[in-house]
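Trainee: Before anything else, here's the structure in question.
The values are calculated or read from the model by the stated rules, or taken from the named source; none is laboratory data. Quick caveat, the model's predicted, so the values are computed rather than measured. Methodologically, a virtual Cβ is constructed for each residue, glycine included, from the backbone with ideal geometry; neighbour enumeration extends over all protein chains shown. Note: areas computed on protein heavy atoms with side chains; ligands, DNA, RNA excluded. Shrake-Rupley method; radii C 1.70, N 1.55, O 1.52, S 1.80 Å.
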Amino acid sequence: MVTEQQHYYYGLGRRKSSIARVRLYPGAGAVIVNGRPVEDVIPRASLRQEMLRPLAVTGARGRYTVQVTASGGGVAGWAGAIRHGIARALLAADESNRRPLRAQGLLTRDPRVKERKKPGLKRARKAPQYTKR
């Protein structure tokens, strides 16, 4: 476990309705999400790989221990928010990471969110079935 006295780099990530507060500590490379190992929290390997892409792009895979507090939304939103937070924390750690992170589009917040339901419709755009007779 990471002690509170250690220096860390902070990044806040958002995706859909999820928010992830990410701390990067110099360390072995463990990833802890809400006090549990990442494999327990995010079971899909593809989401875990996409979540840790900023570390792979900058070549910092084994250099930082990642500690995350994620809230809101679901597993896919958490993974996207953590990815955004890790990218921002890597930028805080070293400004030279900006170019590779920017080239991969990892610093941009994904603006796609669920569209609200409209009155008179069943969902955001689905209308009730039309009957002629």
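Trainee: So how strong a dipole does the chain carry about its Cα centre when Lys and Arg Cβ are +1 and Asp and Glu Cβ are -1, to the nearest 20 debye?
Mentor: 1380
Trainee: Please state, as a whole number in µm²/s, the translational diffusion coefficient that the Stokes-Einstein equation yields for the range 23-104 at 25 °C and 0.890 mPa s, with Rh defined as the Kirkwood radius across alpha carbon pairs. It would help to have the intermediate numbers written out before the result.
Mentor: On the way: Rh = 12.7 Å.
For these conditions, the coefficient is 193 µm²/s.
Trainee: Can you tell me what share of the DSSP beta bridges in the chain is antiparallel? A percent to the nearest 5 is fine.
Mentor: Working: 17 of 20 bridges.
Bridges in the chain are about 85 percent antiparallel.
Trainee: Choose one of Leu24, Gln129, Pro100: the residue whose Cα lies farthest towards the positive end of the charge dipole of the chain (beta-carbon charges +1 Lys, Arg; -1 Asp, Glu; about the Cα centre).
Mentor: Final value for the positive-end residue is Gln129.
Trainee: With a 1.4 Å probe and all protein chains left in place, how much of the accessible area of the chain comes from carbon and sulfur atoms, in whole percent?
Mentor: Numbers: 4300 of 8480 Å².
That share works out to 51 percent.
Trainee: Take Ala28, project a point 7 Å from its Cα along the Cβ direction, then tell me which residues of the range 52-69 have their backbone nitrogen under 14 Å from it.
Mentor: Counting only backbone N, you get 62-66.
Trainee: Using only Cα atoms and rounding to the nearest 10 degrees, what angle (0 to 90) does helix 75-93 make with the longest principal axis of the chain?
Mentor: The helix 75-93 is inclined about 40 degrees to the chain.
Trainee: Students often check this: by mean Cβ neighbours within 10 Å, which of 120-127, 49-56, 95-102 ranks highest, and how do the rest follow?
Mentor: On the way: 120-127: 9.9, 49-56: 18.8, 95-102: 13.8.
So the peptides 120-127, 49-56, 95-102, ranked by packing, come out 49-56, 95-102, 120-127.
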